[in-house]
Amino acid sequence: GVAFGGLRDLEILQELFGATITVLAFDTGESLRKKILPTYKAGRRKELDEAGVEELRVFYEQIDRLKKNLLPLIGYKNIWEKPGYEADDIVAAAAQRIITPDEAVIISADNDLLQCIRRNIRFYNPSSKKQITLQSFLEQRRINPEQWASVKALAGCKSDNVPGIDGIGEKSATGWFSGALKKGKKFDKINANLDVMARNLPLVKLPYPGLVLPEIQEDEITEAGKQAVWVELGIRSGRVRGVRSEKKVEGGFI
């Protein structure tokens, strides 16, 4: 289930990127952003309410088991969650600590984290299997990653239930910042509604202010720890092996 799938994917990704240090970020279900916008992520709450009670109970039990038992047993040291803050906040705050020549890869399907891309930090979407570097981001969007939060603030974020300027999507918002958006109705509409960007920026900018994290530690992953986990899950360790990457990527891993 959740535990096996999470551990399997984690091992595959570590082998793919040659990761030596891992930061694992979890949500707590609470968010300080709701003080700014009470309806923040209201759609996700509805999805949870519609899910089966037993299914949710089992899901959260397995997540809790991962955090408190299985991951520490394997030897992972940076297993973080902070009440009021989201997993994205934790990843963004951890990314700020990665100083050249160290490198990191952010693994997420949430493009909010594109704002964290730097010369030594790349983004990898495990769903699409697409990697975005600073160079490819600049080539595709013609803006700096730091401006991505402002793009989201203008366009809004449907998945987080953050309303943007009506009729303005990410493409138009990006074009407004890069200078590619021609003067016209959309251009004028953005200029007339910059208050929306100011209102939304605290909701989409990462990390949310005030987050304090412990120091990143070296993992102490052991084969004995892995074997103990597979035995506890009743799974042969060979089943978690993925396709090994022929080319390793130097640096750490977020």
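The values are calculated or read from the model by the stated rules, or taken from the named source; none is laboratory data. These numbers come from a predicted model, not from an experiment. Positions of Cβ are generated from backbone atoms using ideal geometry, with glycine treated the same way; all protein chains shown enter the neighbour counts. Areas reflect the complete protein model, heavy atoms only, side chains present, ligands, DNA and RNA absent. Shrake-Rupley method; radii C 1.70, N 1.55, O 1.52, S 1.80 Å.
Model label sites at Lys171 and Val231, defined 7 Å from Cα along the beta-carbon direction, differ in position by 5.7 nm. Restricting to the chain, compute how many DSSP beta bridges are antiparallel as a %, nearest 5. In the chain, DSSP labels about 45 percent of beta bridges as antiparallel.
Over region 123-213, accessible surface divided per residue gives 56 Å², non-protein components excluded, 1.4 Å probe.
Overall, the accessible surface of the chain at a probe of 1.4 angstrom is composed of carbon and sulfur to the extent of 52 percent. With every protein chain in place and a 1.4 angstrom probe, the accessible-area ranking of Thr20, Thr222, largest first, reads Thr20, Thr222.
Charging the Cβ of each Asp and Glu at -1 and of each Lys and Arg at +1, and nothing else, the dipole of region 117-209 about its Cα centre rounds to 320 debye. Rounded to the nearest 0.05, the FRET efficiency derived from the C-beta distance between Ser159 and Ile79 at R0 = 25 Å is 0.50. In percent, what relative contact order does the chain have, based on Cα pairs under 8 Å that are 6 or more apart in sequence? That works out to 33 percent.
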